[in-house]
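Each remark here refers to the structure printed beneath this line.
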Amino acid sequence: MNDEQLLRYSRHILLPEIDIVGQQKLLASHVAIVGLGGLGSPVAMYLAAAGVGQLSLFDFDVVELSNLQRQIAHRFSSIGKAKVSSAAATIRDLNADVQVHEINASLSAESFAEHFAAVDLVLDCTDRFSSRFAINQACVKTKKPWVSASAIAMDGQLLAFDPAQEDSPCYACLYDDDGDEGRRCAEEGVLSPLLGVIGSMQALMALRSLLEGPLAVGEMKRFDARDLNWQSLRLPKKADCSVCSV
């Protein structure tokens, strides 16, 4: 690290759990962020600020006025622009040392797998079951660890997977791919700071994984913003799962 980086990351370096060695790990890391909306915004900004060396951004949507209530990586001036480009501009303004890769496309599981082969960790910040199933298949194929997060109305949840761990479940162990896209914030609404809470937790899980290794897989964290209550649930690996048990 140069003198400017030592100053920039000094508050990390002071932590015995990180120190210079840990910060160098972050600088050498590559994370994929799928979805640059309400969750992907704080995730991308915190990982960039923390000094994760490479971020691959995946989204196929454009910025709309209704996004600005919660998608803090975007600005009024970004309306009509691709979300990956808008978020990339915010990241570069925050930390020009971060190498940003923009993938402005709707991808299949096979295409995701090609991109994920080069990363250390995948973060699902999408709002569609179809995207999560594609991410799941790609991560199982490439043996990449990933963290899925979601938030709707006043409820949020996080769940980590690591196909390299023999006892890790996958997303298909939890949900069946029946074509139902489930609840959407365009229909039910979402409390804007909830995305910040869940997105920040997802970024924290990502940094811990990059620094310390294996994720605590199969432990679902659920958050109720009504009474600020967290709940933990265990998700076992499904013996007859069509994705991870074949």
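The values are calculated or read from the model by the stated rules, or taken from the named source; none is laboratory data. All values reported here derive from a predicted model rather than from experimental measurement. All Cβ positions, even for glycine, are placed from backbone atoms using ideal geometry, and neighbour counts span all protein chains on display.
Within the stretch 223-246, the set of residues being assigned to a loop (DSSP other than H, G, I, E, B) and crowded, with 16+ Cβ neighbours inside 10 Å comprises 225, 235, 237, 241, 243, 244.
In the set 47, 55, 94, 68, which member is in contact with a helix residue (DSSP H, G or I) (Cβ under 8 Å, 6 or more places away or on another chain) and farther than 25 Å from residue 8 by Cα?
On the way: 47 fails: farther than 25 Å from residue 8 by Cα; 55 fails: farther than 25 Å from residue 8 by Cα; 94 fails: farther than 25 Å from residue 8 by Cα.
None of the others qualify; the one that does is 68.
Residues that are under 15 Å from the mean Cα position of the chain (by Cα) and either small (Gly, Ala, Ser) or assigned to a helix (DSSP H, G or I) (or both) do not occur anywhere in the stretch 96-111. For residues that are modelled with pLDDT of 95 or more and charged (D, E, K, R), scanning just the stretch 112-129, find the one that is farthest from the chain's Cα centre (by Cα). Of everything passing the filter in the stretch 112-129, 114 is farthest from the chain's Cα centre (by Cα).
Within the stretch 114-129, the residues that satisfy the criterion of being out of contact with any strand residue (DSSP E or B) (no Cβ under 8 Å at 6 or more places or on another chain) and in contact (Cβ under 8 Å) with a residue 24 or more places away in the chain are 117, 128, 129. Only one entry in 72, 79, 20 is in contact with a Pro (Cβ under 7 Å, 6 or more places away or on another chain) and of a type in the set (A, V, I, L, M), namely 72. Scan the stretch 125-180 for residues that are closer than 20 Å to residue 111 by Cα, outside any strand (DSSP E or B) and of a type in the set (Phe, Trp, Tyr) and the total you get is 3. Going through (1) closer than 27 Å to residue 157 by Cα; (2) surrounded by 15 or more Cβ atoms within 10 Å (Cβ to Cβ) one by one, residue 105 falls short only on (2).
Which one is farthest from the chain's Cα centre (by Cα) among residues in the stretch 1-27 that are free of Cβ contacts under 8 Å to residues at least 12 places away in the same chain and not in a helix (DSSP H, G or I)? Looking at the filtered set, the residue picked out is 2.
Considering only residues of the stretch 28-53 that are without any contact (Cβ under 8 Å) to a residue 60 or more places away in the chain and over 12 Å from the mean Cα position of the chain (by Cα), which is farthest from residue 121 (Cα to Cα)?
49
Scanning the stretch 38-70 for residues that are over 20 Å from residue 210 (Cβ atoms), of a type outside the set (Asp, Glu) and crowded, with 24+ Cβ neighbours inside 10 Å turns up 38, 63.
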